[in-house]
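Before we start, here is the structure in question, set down as structure tokens.
The values are calculated or read from the model by the stated rules, or taken from the named source; none is laboratory data. Here the structure is a predicted model, which means the values were calculated and not measured. Here the Cβ is made from the backbone with ideal geometry for all residues, glycine too, and neighbour counts use every protein chain on show. Each accessible area value is taken on the protein alone, full model and side chains, heavy atoms only, with ligands, DNA and RNA left out. Shrake-Rupley method; radii C 1.70, N 1.55, O 1.52, S 1.80 Å.
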Amino acid sequence: MTRKFHLAFIFNFTPDDWQGPFGTGGAPWDGKFHTEVAQALERACFDYVIVEDKLMVPESYGGSSEAALRQAMSVPKHDPVPLAVAMGLATSHLGIVATLSTLAYPPFMTARLASTMDSMLGGRFGWNIVTSAETLAAQNFGMTELPPRNVRYEMADEYVDVVRQLFASWDRDAVVLDRDNGIYADHTKVRPIHFKGKHFSVRGPLNTVPSPQHRPAFIQAGASPRGRVFAARNADSVIAIANGVEAMREFRADVRRHAEDFGRDPDGVKVLFCVTPVLGETEQDARDKQARMVSSPQFIHDILAQTSALTEIDFAQFDLDKPLPHRLETNGEQGSLDQFQQWGSGKTLRELVADSAGGLVSSVELVGTPDQVAARMGEVMEEAGGDGFMITTPLLRLNRRYVAEVTDGLVPALQRLGLTRTAYATGRTLKENLREF
Ligand SMILES: Cc1cc2nc3c(=O)[nH]c(=O)nc-3n(C[C@H](O)[C@H](O)[C@H](O)COP(=O)(O)O)c2cc1C
């Protein structure tokens, strides 16, 4: 029997494909555009949508904020949580995941917010746990430097422990709503946590009622060895990028191995690989579309500006028609950087941009008709071992046409092959949907 896999989608609360022929104007600030997208994803039975977030205005490309602001690359970026509320209230089954950085929010506030969201959305909320990887973000929160990766993850592990304990500070059945005896909540089932760690000190208990998931879903996208261990310890679903099927298989096996070391059931960690399908009426149509995109000077510029923003390395300093001078390293997103730089390949920077086509976010090339791409996705999953895909676009730029190509072209093709969900089971939470297969 064909094994089903999961689908998720990632975007951020930034301008749409504002310059493109199918753009929506570049001012999606009332949240309606993204909410409509969420509804389309629900129609296609996605497990969840995730709203990416960063907390700074990038200045690395060319040493200024010009590239980011001129092109609206990664900025302006509005807060994901109000958007998550709007999308959540306009849908009934889709999981809604918002990014909250452990560098920025106190753990009590994250736990409170996640619990509130999960109650409002009937058990469909997920927290995308990020440590933040930019000095410019750290400087918005009282730090002069970004802490090194190991310290960020050490803090994040402790942070997650606090948040877990806060959710558990109310027993699931603490709210009794006993009208006759005048008891709303049983105080013996609500306890302080008295957490005192190296980085956090939190008394507790939480002051929200237990939400339907009690502990909302945890999503994470660690790529470095340390990031993978963190994900394996904490996440219900991991967002991953890998260069090709073999690397996908290795990544998934590694996360599952670490999950077992933590005493977890590896099937409780769903690894979803980022892909950016290019869909056409015919294969040639799709290939032409892809070729037009990767050879456009604007695309090359934007990919380099995005890579600079993620890695805090100025890619404007390198010659487009030469290989990179040495293997680049960052305290920021090293995994994304390695995916991009393909060190040792001898490719020029221009070729690296064209080669990755999906920019920083594509694990395998998916170019063709919906039927071709669906069949390829099935093969890739078979070889990689399973779990699913996180669909997006190279620069996280969205337009309605692309969304429709995915939700009304690709997904029906996947469903015809029996590869993805055709209906949600009623009343399931996000975590239950992730555990369904
Ligand atoms: C698809 C994807 C989405 C991500 N979303 C965010 C995000 O919303 N905010 C953020 O600060 N980092 C985000 N990251 C970065 C990761 O949290 C992580 O820092 C990065 O993958 C590097 O891994 P490492 O921390 O193990 O080095 C994302 C990464 C990927 C691959």
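Relative contact order (percent) for the stretch 178-234, with alpha-carbon contacts under 8 angstrom and 6 or more residues of separation?
On the way: 27 pairs, mean separation 9.9, N = 57.
Answer for the stretch 178-234 is 17 percent.
Quick check on my link table: of Lys4/Lys431; Lys4/Lys77; Lys289/Lys347, which ones sit more than 25 Å apart, alpha carbon to alpha carbon?
Working: Lys4/Lys431 16 Å; Lys4/Lys77 34 Å; Lys289/Lys347 23 Å.
Over 25 Å Cα-Cα: Lys4/Lys77.
Relative to the present Cα-Cα distance, how much length would full extension add between Asp186 and Gln19 at 0.36 nm per residue of separation?
On the way: separation 167, 0.36 × 167 = 60.12 nm, distance 5.64 nm.
Here the answer is 54.5 nm.
Per residue, how much accessible area does the stretch 163-279 show when a 1.4 Å probe rolls over the protein heavy atoms, in square angstrom?
46
Roughly how many whole Å is it from the C-alpha centroid of the stretch 349-428 to that of the stretch 201-244?
24
Note down the nm distance, to one decimal, between modelled labels 7 Å out along Cα→Cβ at Glu351 and at Glu436.
It works out to 4.4 nm between the two label points.
Between beta-carbons, use under 15 Å as the cut-off and find the net charge around Leu55, counting Lys and Arg +1, Asp and Glu -1. Intermediate results must be reported in sequence, preceding the final value.
Numbers: positive: Lys54, Lys77, Arg152; negative: Glu52, Asp53, Glu59, Asp79, Glu134, Glu312, Glu333.
In short, -4.
About the Cα centre of the stretch 69-204, how large is the charge dipole given +1 on each Lys and Arg Cβ and -1 on each Asp and Glu Cβ? Please answer in debye to the nearest 20. Mind dumping the intermediate values first?
Details: 14 positive and 13 negative charges, 44 e Å.
Using Cβ point charges on Lys, Arg, Asp and Glu, the stretch 69-204 gives about 220 debye.
Just order 110-118, 230-238, 206-214 by mean Cβ neighbour count inside 10 Å, highest at the front, would you?
Details: 110-118: 22.7, 230-238: 25.6, 206-214: 19.0.
Going from most to least packed, we get 230-238, 110-118, 206-214.
Still on this structure: Can you give the FRET efficiency to the nearest 0.05 for Ser295 and Asn207, using r as the Cβ-Cβ distance and R₀ = 45 Å? Mind dumping the intermediate values first?
Working: r = 55 Å, r/R0 = 1.23.
It comes to 0.20.
With +1 assigned to the C-beta of every Lys and Arg and -1 to the C-beta of every Asp and Glu, and no other charges, what is the dipole magnitude of the stretch 258-313 about the Cα centre in debye, to the nearest 20? All intermediate terms of the calculation are to be shown ahead of the outcome.
Working: 5 positive and 10 negative charges, 45 e Å.
Charge dipole, the stretch 258-313, about its Cα centre: 220 debye, nearest 20.
Let me check I've understood the local charge: for Thr99, count other residues with C-beta under 9 angstrom from its C-beta, Lys and Arg +1, Asp and Glu -1. What total comes out?
Numbers: positive: Lys54; negative: Glu52, Asp53.
In short, -1.
Would you mind telling me the share, in percent, of accessible area of the chain contributed by carbon and sulfur at probe 1.4 angstrom?
Working: 9180 of 17990 Å².
Its accessible area is 51 percent carbon and sulfur atoms.
Between Gln284 and Phe141, what length in nm is gained on full extension when 0.36 nm per residue of separation is reduced by their alpha carbon distance? Don't skip to the end; give the middle numbers.
Numbers: separation 143, 0.36 × 143 = 51.48 nm, distance 4.94 nm.
The span from Gln284 to Phe141 would gain 46.5 nm if fully extended.
Considering only the chain, what is the antiparallel percent among its DSSP beta bridges, to the nearest 5? Kindly include the intermediate steps, with their values, before the conclusion.
Details: 6 of 41 bridges.
Counting only bridges with both partners in the chain, antiparallel ones make up about 15 percent.
OK, next. What distance in nm separates the two pseudo spin-label positions at Ser224 and Glu260, each 7 Å out from Cα along the beta-carbon direction?
Inter-label distance under the simple model: 2.7 nm.
Then there is this: Quick one: grab the alpha carbon gyration tensor of the stretch 341-405, order the square roots of its eigenvalues as a ≥ b ≥ c, and give me rounded if a/c is under 1.5, else prolate or oblate depending on whether a/b is larger than b/c.
Details: a/c = 2.14, a/b = 1.29, b/c = 1.66.
Oblate is the answer for the stretch 341-405, as a/c is 1.5 or above yet b/c matches or exceeds a/b.
Going by average Cβ density within 10 Å per residue, which order do the peptides 176-188, 277-289, 294-306, 89-101 take, highest to lowest?
Sorting 176-188, 277-289, 294-306, 89-101 by mean packing, highest first, produces 89-101, 294-306, 277-289, 176-188.
Net charge within 14 Å of Glu154 by Cβ-Cβ distance, Lys/Arg positive one each and Asp/Glu negative one each, not counting Glu154 itself?
Numbers: positive: Arg149, Arg152, Lys198, Arg226, Arg233; negative: Asp157, Glu158, Asp161.
Once all neighbours under 14 Å are counted, the net charge is +2.
Something else about it: Which value at 222 nm does the chain reach when only helices count, each DSSP H run of 4 or more adding -39,500 (n - 2.57), with the total divided by all residues and rounded to the nearest 500 deg cm²/dmol? Before the final figure, lay out the partial values.
On the way: 16 runs with 170 residues, N = 437.
Rounded to the nearest 500, the figure is -11500 deg cm²/dmol.
Grab the beta carbon distance between His214 and Gln342, set R0 = 51 Å, and tell me the FRET efficiency rounded to 0.05.
Values: r = 43 Å, r/R0 = 0.85.
Calculated transfer efficiency: 0.75.
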